[in-house]
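Peer 1: After the C-alpha coordinates below, expect a handful of questions from me.
The values are calculated or read from the model by the stated rules, or taken from the named source; none is laboratory data. Quick caveat: nothing in here was measured; it's all calculated off a predicted structure. Backbone-built Cβ (ideal geometry, glycine too); neighbour counts: all protein chains shown.
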Amino acid sequence: MPDEKPVVYILHGDDEYAIAQYVAAMYARLGDPTTADLNFTRLDGRSASDNEIRTATASIPFLADRRVVVLAHPFARQPDAEKKAEHARYQAQFQALLEGLPPTTALVLVVEDQIRRGDWELLPARHWLLAWAREAGGKALVKVFPVPNGPEMQRWVRKTAESMGGEFAPQAAAELVDLVGADPRVAALEIDKALLYVNRARPVERADVQLLTARVNQPDIFALVDALGARDGQEASRRLHVLLEEQDWLSIFAMITRQFRFLLLAREILDAGGGTKEVIENLKGDPIKMPASSFVAGKIVEQARRFSPEGLEEIYRRLLALDESFKTSQMDPSVAMDVFIADLVGERK
(Lines give C-alpha, C1' and ligand atoms only; values in the text may rest on other atoms or scores of the structure.)
Protein backbone atom coordinates (compact mmCIF):
# COMPACT_ATOMS: atom_id res chain seq x y z
CA MET A 1 0.00 0.00 0.00
CA PRO A 2 1.32 3.50 -0.85
CA ASP A 3 0.63 4.86 2.64
CA GLU A 4 1.96 1.80 4.45
CA LYS A 5 4.04 2.76 7.48
CA PRO A 6 7.02 0.71 8.64
CA VAL A 7 6.45 -1.34 11.76
CA VAL A 8 10.16 -2.01 12.28
CA TYR A 9 12.71 0.82 12.37
CA ILE A 10 16.35 -0.23 12.46
CA LEU A 11 18.53 2.68 13.61
CA HIS A 12 22.21 1.95 13.79
CA GLY A 13 25.55 3.72 13.72
CA ASP A 14 28.01 5.51 15.98
CA ASP A 15 26.21 8.87 16.06
CA GLU A 16 24.14 8.28 19.18
CA TYR A 17 23.10 11.94 19.24
CA ALA A 18 21.49 11.72 15.79
CA ILE A 19 19.76 8.49 16.75
CA ALA A 20 18.40 10.11 19.92
CA GLN A 21 17.14 13.07 17.88
CA TYR A 22 15.34 10.72 15.48
CA VAL A 23 13.66 8.87 18.34
CA ALA A 24 12.69 12.19 19.94
CA ALA A 25 11.02 13.24 16.67
CA MET A 26 9.03 9.97 16.67
CA TYR A 27 7.87 10.75 20.21
CA ALA A 28 6.86 14.29 19.20
CA ARG A 29 4.71 12.92 16.38
CA LEU A 30 2.63 11.02 18.93
CA GLY A 31 0.98 14.34 19.79
CA ASP A 32 -0.22 15.44 23.23
CA PRO A 33 2.49 14.47 25.80
CA THR A 34 -0.20 13.20 28.16
CA THR A 35 -1.22 10.42 25.79
CA ALA A 36 2.20 10.19 24.14
CA ASP A 37 3.72 8.89 27.37
CA LEU A 38 1.13 6.12 27.41
CA ASN A 39 2.06 5.09 23.88
CA PHE A 40 5.83 5.27 24.17
CA THR A 41 7.92 2.54 25.81
CA ARG A 42 11.67 2.23 26.19
CA LEU A 43 13.24 -1.17 26.78
CA ASP A 44 16.82 -2.37 27.07
CA GLY A 45 17.66 -5.75 25.56
CA ARG A 46 20.21 -6.35 28.29
CA SER A 47 17.53 -6.44 30.98
CA ALA A 48 14.07 -6.75 29.38
CA SER A 49 12.64 -10.26 29.25
CA ASP A 50 11.17 -11.81 26.11
CA ASN A 51 7.75 -11.56 27.71
CA GLU A 52 8.17 -7.82 28.42
CA ILE A 53 9.14 -7.21 24.81
CA ARG A 54 6.21 -9.25 23.44
CA THR A 55 3.74 -7.54 25.78
CA ALA A 56 4.96 -4.04 24.89
CA THR A 57 4.88 -4.65 21.13
CA ALA A 58 1.46 -6.36 21.19
CA SER A 59 -0.33 -3.72 23.29
CA ILE A 60 -3.03 -1.63 21.65
CA PRO A 61 -2.31 2.14 21.51
CA PHE A 62 -4.36 4.36 23.82
CA LEU A 63 -6.31 7.14 22.05
CA ALA A 64 -3.75 7.14 19.23
CA ASP A 65 -3.09 5.44 15.91
CA ARG A 66 0.21 3.92 16.92
CA ARG A 67 2.44 3.10 19.83
CA VAL A 68 6.23 3.28 19.73
CA VAL A 69 8.45 0.71 21.44
CA VAL A 70 12.17 1.53 21.49
CA LEU A 71 14.42 -1.46 22.11
CA ALA A 72 18.07 -0.58 22.74
CA HIS A 73 20.77 -3.26 22.55
CA PRO A 74 18.44 -5.70 20.77
CA PHE A 75 21.20 -8.32 20.30
CA ALA A 76 22.43 -8.25 23.90
CA ARG A 77 21.37 -11.85 24.51
CA GLN A 78 22.13 -13.21 21.07
CA PRO A 79 24.21 -16.43 21.38
CA ASP A 80 27.65 -16.53 19.81
CA ALA A 81 27.69 -17.49 16.13
CA GLU A 82 29.79 -20.54 17.04
CA LYS A 83 26.79 -21.95 18.93
CA LYS A 84 24.96 -22.59 15.67
CA ALA A 85 21.85 -24.30 17.02
CA GLU A 86 21.24 -21.71 19.74
CA HIS A 87 22.00 -18.84 17.36
CA ALA A 88 19.57 -20.21 14.74
CA ARG A 89 16.84 -20.63 17.39
CA TYR A 90 17.35 -17.06 18.64
CA GLN A 91 17.22 -15.70 15.09
CA ALA A 92 14.02 -17.59 14.27
CA GLN A 93 12.33 -16.33 17.44
CA PHE A 94 13.41 -12.74 16.75
CA GLN A 95 12.13 -12.88 13.19
CA ALA A 96 8.85 -14.36 14.40
CA LEU A 97 8.47 -11.38 16.74
CA LEU A 98 9.06 -8.97 13.86
CA GLU A 99 6.70 -10.80 11.52
CA GLY A 100 3.93 -10.81 14.14
CA LEU A 101 3.96 -7.09 14.92
CA PRO A 102 0.57 -5.41 14.53
CA PRO A 103 0.38 -2.40 12.16
CA THR A 104 -0.40 -0.20 15.18
CA THR A 105 3.11 -0.78 16.62
CA ALA A 106 6.38 0.83 15.62
CA LEU A 107 9.25 -1.22 17.01
CA VAL A 108 12.46 0.83 16.98
CA LEU A 109 15.63 -1.23 17.22
CA VAL A 110 18.55 0.95 18.31
CA VAL A 111 21.96 -0.54 17.56
CA GLU A 112 24.84 1.65 18.72
CA ASP A 113 27.60 0.43 16.46
CA GLN A 114 31.12 1.18 15.33
CA ILE A 115 33.08 0.52 12.17
CA ARG A 116 35.73 -2.20 12.23
CA ARG A 117 37.78 -3.07 9.17
CA GLY A 118 35.54 -1.18 6.78
CA ASP A 119 32.15 -2.46 8.03
CA TRP A 120 29.86 -2.08 11.01
CA GLU A 121 30.78 -4.39 13.86
CA LEU A 122 27.34 -5.36 15.22
CA LEU A 123 25.27 -4.90 12.08
CA PRO A 124 27.52 -5.63 9.07
CA ALA A 125 26.14 -5.59 5.53
CA ARG A 126 25.49 -9.34 5.55
CA HIS A 127 23.69 -9.42 8.90
CA TRP A 128 20.55 -11.54 8.97
CA LEU A 129 18.44 -8.65 10.28
CA LEU A 130 19.32 -6.49 7.28
CA ALA A 131 18.54 -9.40 4.98
CA TRP A 132 15.14 -9.71 6.69
CA ALA A 133 14.55 -5.97 6.30
CA ARG A 134 15.23 -6.13 2.56
CA GLU A 135 12.72 -8.95 2.20
CA ALA A 136 10.18 -7.11 4.36
CA GLY A 137 10.01 -4.17 1.95
CA GLY A 138 7.92 -1.27 3.26
CA LYS A 139 7.36 -3.04 6.56
CA ALA A 140 10.91 -2.18 7.64
CA LEU A 141 12.98 1.00 7.52
CA VAL A 142 16.76 0.96 7.95
CA LYS A 143 18.57 4.19 8.79
CA VAL A 144 22.31 4.46 9.29
CA PHE A 145 23.79 7.22 11.47
CA PRO A 146 27.57 7.53 11.04
CA VAL A 147 29.38 10.24 12.97
CA PRO A 148 30.37 12.97 10.49
CA ASN A 149 34.09 13.55 10.15
CA GLY A 150 36.30 16.35 8.87
CA PRO A 151 34.53 18.61 6.34
CA GLU A 152 31.29 16.68 6.90
CA MET A 153 31.39 17.59 10.59
CA GLN A 154 32.00 21.24 9.72
CA ARG A 155 28.99 21.22 7.40
CA TRP A 156 27.00 19.55 10.18
CA VAL A 157 27.92 22.38 12.57
CA ARG A 158 26.72 25.05 10.14
CA LYS A 159 23.51 23.18 9.30
CA THR A 160 22.76 22.58 13.00
CA ALA A 161 23.33 26.26 13.73
CA GLU A 162 20.80 27.15 11.03
CA SER A 163 18.26 24.73 12.52
CA MET A 164 18.74 26.55 15.85
CA GLY A 165 17.99 29.90 14.24
CA GLY A 166 21.55 31.17 13.91
CA GLU A 167 24.62 31.05 11.73
CA PHE A 168 28.23 29.87 11.99
CA ALA A 169 30.93 31.32 9.79
CA PRO A 170 32.96 28.60 8.00
CA GLN A 171 36.08 29.42 10.06
CA ALA A 172 34.04 29.20 13.26
CA ALA A 173 32.70 25.77 12.29
CA ALA A 174 36.23 24.56 11.54
CA GLU A 175 37.48 25.88 14.89
CA LEU A 176 34.65 24.21 16.81
CA VAL A 177 35.37 20.85 15.16
CA ASP A 178 39.05 21.28 15.98
CA LEU A 179 38.22 21.87 19.64
CA VAL A 180 35.50 19.28 20.28
CA GLY A 181 36.25 16.69 17.60
CA ALA A 182 33.61 14.53 15.93
CA ASP A 183 31.18 14.56 18.85
CA PRO A 184 27.78 15.84 17.69
CA ARG A 185 26.26 15.90 21.17
CA VAL A 186 29.02 18.08 22.64
CA ALA A 187 29.13 20.17 19.47
CA ALA A 188 25.38 20.84 19.66
CA LEU A 189 25.74 22.17 23.20
CA GLU A 190 28.61 24.42 22.13
CA ILE A 191 26.66 25.66 19.09
CA ASP A 192 23.72 26.62 21.27
CA LYS A 193 26.04 28.39 23.74
CA ALA A 194 27.72 30.36 20.95
CA LEU A 195 24.40 31.37 19.40
CA LEU A 196 23.21 32.62 22.76
CA TYR A 197 26.44 34.60 23.14
CA VAL A 198 25.89 36.46 19.84
CA ASN A 199 22.13 36.60 20.54
CA ARG A 200 21.59 35.16 17.04
CA ALA A 201 22.07 38.71 15.77
CA ARG A 202 25.19 37.92 13.74
CA PRO A 203 27.15 34.88 12.58
CA VAL A 204 29.35 33.18 15.17
CA GLU A 205 32.97 33.91 14.29
CA ARG A 206 36.13 31.98 15.00
CA ALA A 207 37.11 34.33 17.83
CA ASP A 208 33.77 33.64 19.55
CA VAL A 209 34.41 29.90 19.49
CA GLN A 210 37.95 30.36 20.80
CA LEU A 211 36.57 32.46 23.66
CA LEU A 212 33.71 30.16 24.62
CA THR A 213 34.79 26.60 23.87
CA ALA A 214 37.41 24.62 25.73
CA ARG A 215 39.43 21.96 23.94
CA VAL A 216 37.99 18.53 24.68
CA ASN A 217 39.71 16.41 22.05
CA GLN A 218 43.35 15.48 21.69
CA PRO A 219 45.35 17.71 19.33
CA ASP A 220 45.27 16.25 15.85
CA ILE A 221 48.53 15.42 14.11
CA PHE A 222 46.52 14.98 10.92
CA ALA A 223 45.59 18.66 10.98
CA LEU A 224 49.25 19.67 11.20
CA VAL A 225 50.17 17.42 8.27
CA ASP A 226 47.15 18.73 6.33
CA ALA A 227 48.46 22.26 6.77
CA LEU A 228 51.94 21.19 5.66
CA GLY A 229 50.49 19.46 2.62
CA ALA A 230 48.56 22.61 1.73
CA ARG A 231 51.73 24.71 2.19
CA ASP A 232 49.92 26.80 4.80
CA GLY A 233 52.84 27.84 7.01
CA GLN A 234 50.79 30.01 9.35
CA GLU A 235 48.25 27.26 10.05
CA ALA A 236 50.97 24.60 10.37
CA SER A 237 52.84 26.73 12.90
CA ARG A 238 49.62 27.37 14.84
CA ARG A 239 48.87 23.65 14.90
CA LEU A 240 52.39 22.90 16.05
CA HIS A 241 52.14 25.27 19.00
CA VAL A 242 48.70 23.94 19.97
CA LEU A 243 50.29 20.51 20.10
CA LEU A 244 53.22 21.86 22.12
CA GLU A 245 50.80 23.29 24.69
CA GLU A 246 49.46 19.79 25.31
CA GLN A 247 52.61 17.63 25.08
CA ASP A 248 56.39 17.95 25.27
CA TRP A 249 58.33 18.73 22.09
CA LEU A 250 59.98 15.29 21.98
CA SER A 251 56.59 13.54 21.81
CA ILE A 252 55.36 15.94 19.14
CA PHE A 253 58.49 15.49 17.05
CA ALA A 254 58.12 11.71 17.33
CA MET A 255 54.48 12.01 16.16
CA ILE A 256 55.47 14.11 13.15
CA THR A 257 58.30 11.75 12.20
CA ARG A 258 56.01 8.75 12.64
CA GLN A 259 53.33 10.33 10.46
CA PHE A 260 55.72 11.09 7.61
CA ARG A 261 57.10 7.58 7.81
CA PHE A 262 53.54 6.30 7.30
CA LEU A 263 53.05 8.71 4.40
CA LEU A 264 56.26 7.60 2.72
CA LEU A 265 55.37 3.91 3.05
CA ALA A 266 51.77 4.55 1.93
CA ARG A 267 53.02 6.50 -1.09
CA GLU A 268 55.17 3.53 -2.11
CA ILE A 269 52.13 1.25 -1.87
CA LEU A 270 50.00 3.65 -3.92
CA ASP A 271 52.66 3.95 -6.60
CA ALA A 272 52.74 0.15 -6.81
CA GLY A 273 49.00 0.12 -7.57
CA GLY A 274 47.66 -0.52 -4.09
CA GLY A 275 44.90 1.25 -2.19
CA THR A 276 43.57 1.76 1.34
CA LYS A 277 43.14 -1.98 1.94
CA GLU A 278 46.75 -2.66 0.98
CA VAL A 279 47.94 0.23 3.16
CA ILE A 280 46.20 -1.32 6.19
CA GLU A 281 47.57 -4.79 5.45
CA ASN A 282 51.15 -3.61 4.86
CA LEU A 283 51.42 -1.08 7.68
CA LYS A 284 49.54 -2.80 10.50
CA GLY A 285 52.58 -5.02 11.10
CA ASP A 286 55.03 -2.15 10.89
CA PRO A 287 57.35 -1.78 13.93
CA ILE A 288 55.70 1.56 14.74
CA LYS A 289 52.24 0.00 14.42
CA MET A 290 49.76 2.06 12.48
CA PRO A 291 46.23 1.50 13.88
CA ALA A 292 44.37 -0.92 11.60
CA SER A 293 41.50 1.51 11.05
CA SER A 294 39.95 2.22 7.65
CA PHE A 295 39.44 5.86 8.66
CA VAL A 296 43.07 6.35 9.73
CA ALA A 297 44.38 4.50 6.68
CA GLY A 298 42.08 6.49 4.41
CA LYS A 299 43.36 9.73 5.90
CA ILE A 300 46.97 8.63 5.41
CA VAL A 301 46.26 7.69 1.78
CA GLU A 302 44.58 11.07 1.21
CA GLN A 303 47.57 12.91 2.67
CA ALA A 304 50.17 10.76 0.87
CA ARG A 305 48.66 11.73 -2.47
CA ARG A 306 49.40 15.39 -1.74
CA PHE A 307 53.15 14.79 -1.79
CA SER A 308 55.46 13.43 -4.45
CA PRO A 309 57.54 10.35 -3.53
CA GLU A 310 60.70 12.43 -3.85
CA GLY A 311 59.22 15.13 -1.65
CA LEU A 312 58.35 12.68 1.11
CA GLU A 313 61.80 11.14 0.99
CA GLU A 314 63.38 14.58 1.32
CA ILE A 315 61.09 15.53 4.23
CA TYR A 316 61.90 12.30 6.03
CA ARG A 317 65.64 12.88 5.57
CA ARG A 318 65.23 16.38 6.98
CA LEU A 319 63.40 15.03 10.00
CA LEU A 320 66.20 12.55 10.64
CA ALA A 321 68.75 15.36 10.34
CA LEU A 322 66.67 17.50 12.68
CA ASP A 323 66.62 14.67 15.20
CA GLU A 324 70.41 14.52 15.05
CA SER A 325 70.68 18.29 15.51
CA PHE A 326 68.51 18.13 18.64
CA LYS A 327 71.08 15.81 20.18
CA THR A 328 74.08 17.98 19.34
CA SER A 329 72.78 21.57 19.22
CA GLN A 330 71.68 24.05 21.86
CA MET A 331 68.97 25.44 19.54
CA ASP A 332 65.52 25.52 21.09
CA PRO A 333 63.58 22.54 19.63
CA SER A 334 60.33 24.49 19.11
CA VAL A 335 62.24 27.18 17.23
CA ALA A 336 64.00 24.53 15.15
CA MET A 337 60.65 22.96 14.27
CA ASP A 338 59.23 26.36 13.28
CA VAL A 339 62.24 26.83 10.97
CA PHE A 340 61.64 23.34 9.56
CA ILE A 341 58.00 24.21 8.82
CA ALA A 342 58.93 27.53 7.24
CA ASP A 343 61.49 25.84 5.00
CA LEU A 344 59.07 23.07 4.07
CA VAL A 345 56.07 25.22 3.13
CA GLY A 346 58.29 27.51 1.08
CA GLU A 347 59.10 24.66 -1.30
CA ARG A 348 56.97 22.48 -3.56
CA LYS A 349 57.35 18.82 -2.70
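Peer 1: What's the total number of residues in the range 271-296 that are at pLDDT 70 or above and either of a type in the set (Val, Ile, Thr) or in contact with a Pro (Cβ under 9 Å, 6 or more places away or on another chain) (or both)?
Peer 2: Just the residues of the range 271-296 that are at pLDDT 70 or above, to begin with: 271-282.
When the remaining residues are screened for being either of a type in the set (Val, Ile, Thr) or in contact with a Pro (Cβ under 9 Å, 6 or more places away or on another chain) (or both), the result is 271, 276, 279-280.
The qualifying residues number 4.
Peer 1: Six or more apart or on different chains, Cβ under 6 Å: which pairs go from a residue in the range 48-69 that's free of Cβ contacts under 8 Å to residues at least 40 places away in the same chain to one that's buried (at least 16 other Cβ atoms within 10 Å of the Cβ) and assigned to a strand (DSSP E or B)? Could you list them?
Peer 2: So the pair list comes out as Ala56/Thr41; Ala56/Val69; Arg67/Thr105; Val69/Thr41; Val69/Leu107.
Peer 1: Between a residue in the range 311-322 that is assigned by TED's automatic domain parsing to the domain that holds Ile256 and surrounded by 15 or more Cβ atoms within 10 Å (Cβ to Cβ) and any residue that is of a type in the set (S, T, N, Q) and at pLDDT below 85, which pairs come within a Cβ distance under 9 Å, given they are 6 or more apart or on different chains?
Peer 2: Matching pairs, first to second residue: Tyr316/Thr257; Leu319/Thr257; Leu322/Thr257.
Peer 1: Here is a further query. Can you find a residue that is part of a loop (DSSP other than H, G, I, E, B), surrounded by 14 or more Cβ atoms within 10 Å (Cβ to Cβ), aliphatic (A, V, I, L, M) and touching a residue at least 40 places away in the same chain (Cβ under 8 Å) anywhere in the range 1-16?
Peer 2: yes
Peer 1: While we're on this one: Here is a list: Arg155, Arg185. Which entry is farther than 30 Å from Leu107 by Cβ and assigned by TED's automatic domain parsing to the domain that holds Glu205? Break it down stepwise before answering.
Peer 2: Details: Arg185 fails: farther than 30 Å from Leu107 by Cβ.
The conditions single out Arg155.
Peer 1: Still on this structure: Please specify each residue of the range 228-260 satisfying the condition of being of a type in the set (S, T, N, Q) and either closer than 18 Å to Gly311 by Cβ or assigned to a helix (DSSP H, G or I) (or both).
Peer 2: Pass one, the range 228-260, residues of a type in the set (S, T, N, Q): 234, 237, 247, 251, 257, 259.
Once the filter is applied, which keeps residues that are of a type in the set (S, T, N, Q) and either closer than 18 Å to Gly311 by Cβ or assigned to a helix (DSSP H, G or I) (or both), the range 228-260 yields Gln234, Ser237, Ser251, Thr257, Gln259.
Peer 1: So which of Asp50, Asp32, Asp80 ends up being surrounded by fewer than 14 Cβ atoms within 10 Å (Cβ to Cβ) and modelled with pLDDT of 85 or more? Steps first, please.
Peer 2: On the way: Asp32 fails: modelled with pLDDT of 85 or more; Asp80 fails: modelled with pLDDT of 85 or more.
Only one candidate passes the filter, namely Asp50.
Peer 1: Kindly check whether there is at least one residue in the range 139-146 that is without any contact (Cβ under 8 Å) to a residue 60 or more places away in the chain and under 17 Å from the mean Cα position of the chain (by Cα). Even if it seems obvious, please write down each step before you answer.
Peer 2: Taking the range 139-146 first, the residues without any contact (Cβ under 8 Å) to a residue 60 or more places away in the chain are none.
No, the range 139-146 has no match at all.
Peer 1: I'd like to know if the range 88-97 contains one or more residues that are touching a residue at least 40 places away in the same chain (Cβ under 8 Å) and part of a helix (DSSP H, G or I). Quick ask: steps written out before the conclusion?
Peer 2: Pass one, the range 88-97, residues touching a residue at least 40 places away in the same chain (Cβ under 8 Å): 93, 97.
So of that shortlist, the ones also part of a helix (DSSP H, G or I) come out as 93, 97.
Scanning the range 88-97 turns up at least one residue that is touching a residue at least 40 places away in the same chain (Cβ under 8 Å) and part of a helix (DSSP H, G or I).
Peer 1: Restricting the range 261-276 to residues that are part of a helix (DSSP H, G or I) and under 24 Å from the mean Cα position of the chain (by Cα), which is farthest from Leu240 (Cα to Cα)? Write out each step before concluding.
Peer 2: We begin by selecting, within the range 261-276, every residue part of a helix (DSSP H, G or I); these are 261-271, 276.
Next, from what is left, pick out any that are under 24 Å from the mean Cα position of the chain (by Cα): 262-263, 266, 276.
Values: Phe262: 19, Leu263: 18, Ala266: 23, Thr276: 27 Å.
Looking at the filtered set, the residue picked out is Thr276.
Here's the yes/no breakdown for (1) surrounded by fewer than 14 Cβ atoms within 10 Å (Cβ to Cβ); (2) at pLDDT 80 or above; (3) among the basic types (Lys, Arg):
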{"position": "Arg200", "(1), (2), (3)": "no, yes, yes"}
{"position": "Leu211", "(1), (2), (3)": "yes, yes, no"}
{"position": "Phe222", "(1), (2), (3)": "no, no, no"}
{"position": "Asp226", "(1), (2), (3)": "no, no, no"}
{"position": "Glu245", "(1), (2), (3)": "yes, no, no"}
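Peer 1: Within the range 156-191, work out how many residues are within 19 Å of Tyr22 (Cβ to Cβ) and either without any contact (Cβ under 8 Å) to a residue 24 or more places away in the chain or not β-branched (Val, Ile, Thr) (or both).
Peer 2: Going through the range 156-191 one residue at a time, the tally reaches 12.
Peer 1: Please indicate, with yes or no, whether at least one residue in the range 100-123 is modelled with pLDDT of 90 or more, part of a loop (DSSP other than H, G, I, E, B) and closer than 30 Å to Thr276 by Cα. Lay out the reasoning, then the answer.
Peer 2: Just the residues of the range 100-123 that are modelled with pLDDT of 90 or more, to begin with: 100-111, 123.
Now restrict to residues that are part of a loop (DSSP other than H, G, I, E, B): 100-104, 123.
From what is left, the residues that are closer than 30 Å to Thr276 by Cα are 123.
Yes, because at least one residue in the range 100-123 is modelled with pLDDT of 90 or more, part of a loop (DSSP other than H, G, I, E, B) and closer than 30 Å to Thr276 by Cα.
Peer 1: Which ones in the range 139-152 are among the aliphatic types (A, V, I, L, M) and farther than 17 Å from Phe75 by Cβ? Before the answer, list the steps.
Peer 2: Keep residues of the range 139-152 that are among the aliphatic types (A, V, I, L, M), which gives 140-142, 144, 147.
Selection gives Leu141, Val147.
Peer 1: Scan the range 187-198 and tell me whether some residue there is within 15 Å of the chain's Cα centre (by Cα) and of a type outside the set (S, T, N, Q). If you could, list the steps in order and put the result at the bottom.
Peer 2: Filtering the range 187-198 down to residues within 15 Å of the chain's Cα centre (by Cα) leaves 187-188.
If we keep only those that are of a type outside the set (S, T, N, Q) as well, we get 187-188.
Checking the range 187-198: at least one residue is within 15 Å of the chain's Cα centre (by Cα) and of a type outside the set (S, T, N, Q).
Peer 1: Please work out which one of (1) more than 19 Å from Leu141 (Cβ to Cβ); (2) modelled with pLDDT under 90; (3) surrounded by 15 or more Cβ atoms within 10 Å (Cβ to Cβ) is the condition Phe62 fails and give its number.
Peer 2: All conditions are met except number (3).
Peer 1: Turning to a different aspect of this structure: From the set of residues in the range 105-138 that are of a type in the set (Gly, Ala, Ser) and within 21 Å of Arg77 (Cα to Cα), which is nearest to the chain's Cα centre (by Cα)?
Peer 2: Our first condition is that a residue be of a type in the set (Gly, Ala, Ser); within the range 105-138, this holds for 106, 118, 125, 131, 133, 136-138.
Pick out the ones that are also within 21 Å of Arg77 (Cα to Cα) and you get 125, 131, 133.
On the way: Ala125: 18, Ala131: 25, Ala133: 25 Å.
Checking each candidate, the answer is Ala125.
Peer 1: Oh, and also: Do we find that Lys143 is farther than 22 Å from Pro6 by Cβ and basic (Lys, Arg) in this structure? Steps first, please.
Peer 2: On the way: farther than 22 Å from Pro6 by Cβ: no; basic (Lys, Arg): yes.
No; evaluated as a whole, the condition is false for this residue.
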